[in-house]
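Structure record follows, encoded as structure tokens.
Rule-based calculations on the coordinates, nothing more; no lab input. Note that this is a predicted model, so its numbers are computed, not measured. FYI the Cβ positions are ideal-geometry reconstructions off the backbone, even for glycines, and counts take in every protein chain you see.
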Amino acid sequence: MARYDRAITVFSPDGHLFQVEYALEAVRKGNAAVGVRGSDTIVLAVEKKSTPKLQDSRSVRKIVNLDDHIALACAGLKADARVLINRARIECQSYKLTIEDPVTVEYITRYIAGLQQKYTQSGGVRPFGLSTLIIGFDPHTGTPALYQTDPSGTFSAWKANATGRNSNSIREFLEKNYTETSGQETVKLAIRALLEVVESGGKNIEVAVMTKEQGLRQLEEAEIDAVVADIEAEKAAAEAAKKAPATKET
Amino acid sequence: MESVFGLVGKDFAIVVADSSAVHSILVHKTNEDKIMLLDSHKLMGASGETGDRAQFTEYVQKNVALYQFRNGIPLTTAATANFTRGELATALRKNPYMVNIILAGYDKDVGPSLYFIDYIASLHKVDKAAFGYGSYFALSMMDRHYRRDMTVEEAIELVDKIISEIRSRLVVAPPNFLIKIVDKDGARQYAWRESIKDAPVAAA
């Protein structure tokens, strides 16, 4: 009979948990995901790697809702994501059943992170190979929130963050360009950030917007294309403005 | 002592329940809501042991919500009825729920439907159903006056006739009733029929 008491995640002599670090490598290979928190809007944008022609793209939803007021996007092993998302959805309903109140964003983030941590300290299992971006509005105060978890089980709140492929470049961009935004401006900022590393076009990005009143709304390809066109126009105008005084001087 | 009944109309279904919460000889309150909204287009009226009623209907409601989040589409009324019956059946020979249920729902392809689910896990799809001592009067009135494809006004007229019979003929008749309706626009409260008014209290 197989014995599941052999831990797979053990300390190295210099204090590393290599399995967790390898899991983070898996995350770094996953598709880029960006989350931006505005004052009344929170946006998740995820890179859509080119869909095979015969695949029904509607069956590959990268941004999912956990409850009416909470949504999640992730980078890394999608199969692991399914398991985590399912557990989180059950927990959202179970919490509502016992407490009679919807979960707070922090609670469900702590739950998911706790689950990820458990799998770094149990026998016979490997860590989940994904980092999540969790967004939502506090059910009582209405404050927007964005949280990130990673395979080690740590979590923290962010104004804007990225995970997955090239997340460092995206985070750099966000650190340079983040301002308090609201409504459509938040959507633009998220898409601009993602376009730093992704080929532009509605076909390559999946965007979802969460507002307190309407909950989660997935943007249509046409809407995304419109915002991308806006962004390109702004970029072109900024380029033109930079070039124009230079030529005058020469 | 508790009465719950329901009927199917032209493109809607109605569930009516009394609203008294009674413990032995004491009436705790007369504005108890015993008809739970399971989701946007489903109503579950329940009668029986108070704790079981709340516990079981809330459990079904949360599972209906979970299904929707997992699958992106709502459960059909038929599926919900079968799920509910299954849960009652599983618990029956260990730790039974003493709850009688009338489930009403509206599905786009099927229209309105009504299900009778009793505490020993019988399931019947029906046009009209009733539980409790009031069922003696409700079923008789419905047998006499119910027709397929009634309009909302006609159905409410019948409901009022039934309530009037229960009030006049049942020795410990509940004073107040709550009527809820479900149609293509969703499930919602339709009206109260009160003969005693409780002082309003914030919900638990």
**Request:** Kindly express, to the nearest 10 degrees and within the range 0 to 90, the angle between helix A:184-195's C-alpha long axis and the longest C-alpha principal axis of chain A.
**Result:** 80
**Request:** Any chance you could give the angle, 0 to 90 degrees and rounded to 10, that helix A:221-249 forms with the longest Cα principal axis of chain A?
**Result:** 50
**Prompt:** Long-range amide H contacts for B:Tyr190: which residues qualify at under 5 Å (H placed 1.01 Å from N, peptide plane, sequence gap of 5 or more or a different chain)?
**Reply:** B:Ile179, B:Lys180, B:Ile181
**Message:** Based only on Cα atoms, what mean projected area does the convex hull of chain A have, in nm²?
**Reply:** 18.8
**Request:** Mind checking A:58-65 for the average number of partner chain beta-carbons within 10 Å of each residue's beta-carbon?
**Result:** 1
**Request:** Kindly state, to the nearest 0.05, the FRET efficiency for A:Ala229 paired with A:Ala157, given R0 = 41 Å and r defined as their beta-carbon distance.
**Result:** 0.80
**Under the Karplus curve 6.51 cos²θ - 1.76 cosθ + 1.60, θ = phi - 60°, whole-Hz ³J(HN,Hα) for the stretch A:38-51, x wherever Gly or Pro sits** = x, 6, 9, 9, 10, 10, 10, 10, 10, 6, 10, 5, 3, 7
**Asked** Where nothing but the Cβ of Lys and Arg (+1) and of Asp and Glu (-1) is charged, how large is the charge dipole of the stretch B:67-193 around its Cα centre, in debye to the nearest 20?
**Response** 380
**Request:** Decide, for the stretch A:1-150, between rounded, prolate and oblate: order the square roots of the alpha carbon gyration tensor eigenvalues as a ≥ b ≥ c, take rounded if a/c falls under 1.5, and otherwise choose prolate if a/b is larger than b/c, else oblate.
**Result:** oblate
**Complete:** If every Lys and Arg gets +1 and every Asp and Glu gets -1 at its Cβ, then about the Cα centre the stretch A:84-228 yields a dipole, in debye to the nearest 20, of 520
**Asked** Peptide B:58-70: average number of partner chain Cβ atoms within 10 Å per residue?
**Response** 5
**Message:** With +1 on the Cβ of every Lys and Arg and -1 on the Cβ of every Asp and Glu, and nothing else charged, how large is the dipole of the stretch A:137-213 about its Cα centre, in debye rounded to the nearest 20?
**Reply:** 120
**Request:** Name the residues whose placed amide hydrogens come within less than 5 Å of the amide hydrogen of A:Arg165, ignoring near sequence neighbours (fewer than 5 apart) on the same chain.
**Result:** A:Gly30, A:Asn31, A:Ala32, A:Ala33
**Prompt:** If you add up the charges near A:Lys48, with Lys and Arg at +1 and Asp and Glu at -1, over every other residue whose beta carbon is less than 11 angstrom from its beta carbon, what do you get?
**Reply:** 0
**Asked** So how do A:133-145, B:65-77 stack up, highest first, on mean other-Cβ count within 10 Å?
**Response** A:133-145, B:65-77
**Message:** What does the C-alpha gyration tensor say about the overall shape of the stretch A:155-250? Classify as rounded when a/c is under 1.5, otherwise prolate if a/b is larger than b/c, or oblate.
**Reply:** prolate
**Prompt:** Kirkwood hydrodynamic radius of the protein assembly as shown from all distinct Cα pairs, in Å?
**Reply:** 25.4
**Asked** For chain A, modelled as a GNM with alpha-carbon contacts under 10 angstrom, which of A:Ala45, A:Ala193, A:Ala237 fluctuates the most?
**Response** A:Ala237
**Message:** Once you order the gyration tensor axes a ≥ b ≥ c over the Cα atoms, which shape class does the stretch A:78-219 get: rounded for a/c under 1.5, otherwise prolate or oblate by comparing a/b with b/c?
**Reply:** oblate
**Prompt:** Pairing the Cα long axis of helix A:78-99 with the longest principal axis of chain A, what angle in degrees results, from 0 to 90 and rounded to the nearest 10?
**Reply:** 80
**Prompt:** From the residues B:Gly86, A:Ala79, B:Ala187, which one has its Cα farthest along the dipole of the protein assembly as shown in the positive direction, the dipole being from +1 and -1 charges on Cβ of Lys/Arg and Asp/Glu about the Cα centre?
**Reply:** A:Ala79
**Request:** Considering only B:Lys184, B:Lys34, B:Lys128, give the residue with the highest GNM mean-square fluctuation for chain B, with springs between Cα atoms whenever their separation is below 10 Å.
**Result:** B:Lys184
**Item:** Pair B:Ser40, B:Arg144: separation of 7 Å Cα→Cβ label points (nm)
**Value:** 4.1
